[in-house]
Amino acid sequence: MTPLEQFLQRAESLMTRLEAVLPPPPREPDFRRSFAFRWRKRAGGMGGGNAWLQPVAHASGIRFEDLQHVDAQKRQIEQNTRQFVARRPANNVLLTGARGTGKSSLIKACLNGFADQGLRLIEVDKADLADLPDIVDLVAGRPERFVIFCDDLSFEEGEAGYKALKVALDGSVAAQSDNVLIYATSNRRHLMPEKMSDNAGYSHSEDGDLHPGETVEEKISLSERFGLWLSFYPFRQDDYLGIVAHWLASFGCTPEQIEAARPQALQWALGRGSRSGRVAWQFAKDYAGKLPAEQP
């Protein structure tokens, strides 16, 4: 056997061992089983064959009409999603603001509003955002339109998901996949914390940042990569009561029962320290569930 043949034989043996160690590519799911999926990883997994898209058996049934007093935000995200499923230009969306005001629910309502037009939803935990390139590659050749849903985003310094999301939005040498958008929610407008020390950098110390403005810009650059920003604000008392009335009516309560529930609804909100849509939904379930059996 010649030295070249020996070398090739050893190289082939090495490749065989490497293939046994490396995980296979992510498994493609049966996209007929669901309209919604979750990105799942086995404990200790590092992507590849340890990660997959899991069909959601029972996706949320919330609809646009269920979301009250966020009409402007509803119109904008509905229009953006309509453009997307029609294969027209559309933006990644960041929904920020007060908790419990319908940010996540609006994204789920988009799925229910456009699933019959080919929209699919993929929920990705913040801890798994480093896998975004694998997820995009997995669905890039599909005919459906995919919204990657990242809920309750916020980052601390040095987290891997921060750079992965920034690259996925528009920072990669590869073009964005035409059939993927990212919709994310956060309780804060800028997804990384801004500290007093950032501003203190403007007073040049002996070892201070020579360009403190660039440091601050880096912290807000991720938010700016979302083309559409939707802001949400705390509800007024009348808005909160209107949401309570909507949900009580959905449970079959009569107008008289809804009117009688108003004082208790206000007490419930006072006890929770919030007049959010989530608190209204929770009160309505509690109130309607306690009505006598012959009533709703």
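Quick note: the coordinates plus some simple rules give every number you see, no bench work behind them. Remember, predicted model here, so these are calculated numbers, not experimental data. Don't worry about glycine lacking a Cβ; one is built from the backbone with ideal geometry, like all the others, and counts go over all protein chains shown.
Near A115, within a Cβ-to-Cβ distance under 15 Å, what is the net charge of the other residues, with Lys and Arg +1 and Asp and Glu -1? Provide the component values of the computation, followed by the final result.
Working: positive: R32, R33, R63, R82, K108, R120, R142, R145; negative: E78, D116, E123, E144.
Summing Lys/Arg as +1 and Asp/Glu as -1 gives +4.
Enter the Cα centre distance for the pair segment 66-129 and segment 218-266, rounded to the nearest angstrom.
17 Å
Can you give the net charge of the other residues whose Cβ lies under 9 Å from the Cβ of D128, counting K and R as +1 and D and E as -1? List each step's numbers first, then the result.
Values: positive: R40, K41, K126; negative: D125, D131.
Here the count lands on +1.
Could you give each residue of segment 52-67 its phi-based ³J(HN,Hα) in whole Hz, using Karplus coefficients 6.51, -1.76, 1.60 with θ = phi - 60°, and x for Gly or Pro?
Each residue of segment 52-67 in turn: 7, 8, 9, x, 8, 5, 10, 6, 4, x, 5, 10, 4, 5, 6, 9 Hz.
Ordered by packing density, taken as the mean number of other Cβ atoms within 10 Å over each peptide's residues, highest first, how do 231-242, 56-67 rank? Walk me through the numbers before you get to the answer.
Values: 231-242: 16.2, 56-67: 14.1.
The most tightly packed comes first, giving 231-242, 56-67.
Near the amide H of I148, under 5 Å away, which other amide H atoms are found, from residues 5 or more places off or on another chain, if H is placed in the peptide plane?
For I148, whose amide H was placed from the backbone, the distant partners under 5 Å are I122, L181, I182, Y183.
Can you check what the net charge comes to around Q83, using other residues whose Cβ is under 14 Å from the Cβ of Q83 (Lys, Arg +1; Asp, Glu -1)? Numbers along the way, then the final one.
On the way: positive: R75, R82, R87, R88, R145; negative: E78, D178.
So the surrounding residues net to +3.
What percent do you get for the relative contact order of segment 74-123 when only Cα pairs under 8 Å and 6+ apart count? All intermediate terms of the calculation are to be shown ahead of the outcome.
Working: 23 pairs, mean separation 19.8, N = 50.
Here the relative contact order equals 40 percent.
Defining a contact as two alpha carbons under 8 Å apart and six or more residues distant in sequence, what relative contact order in percent does segment 237-290 show?
On the way: 37 pairs, mean separation 27.4, N = 54.
Averaging sequence separation for qualifying contacts and normalising by length gives 51 percent for segment 237-290.
Work out from phi, with θ = phi - 60° and the Karplus expression 6.51 cos²θ - 1.76 cosθ + 1.60, the ³J(HN,Hα) of each residue of segment 8-13, listed in order in whole Hz, and give x for Gly and Pro.
Taking θ as phi minus 60°, the curve returns 5, 5, 5, 5, 5, 5 Hz for segment 8-13.
If you stretched the chain out fully between L270 and S60, how much longer would it get, using 0.36 nm times the residue separation minus the C-alpha to C-alpha distance? Intermediate results must be reported in sequence, preceding the final value.
Values: separation 210, 0.36 × 210 = 75.60 nm, distance 2.79 nm.
Length gained, L270 through S60: 72.8 nm.
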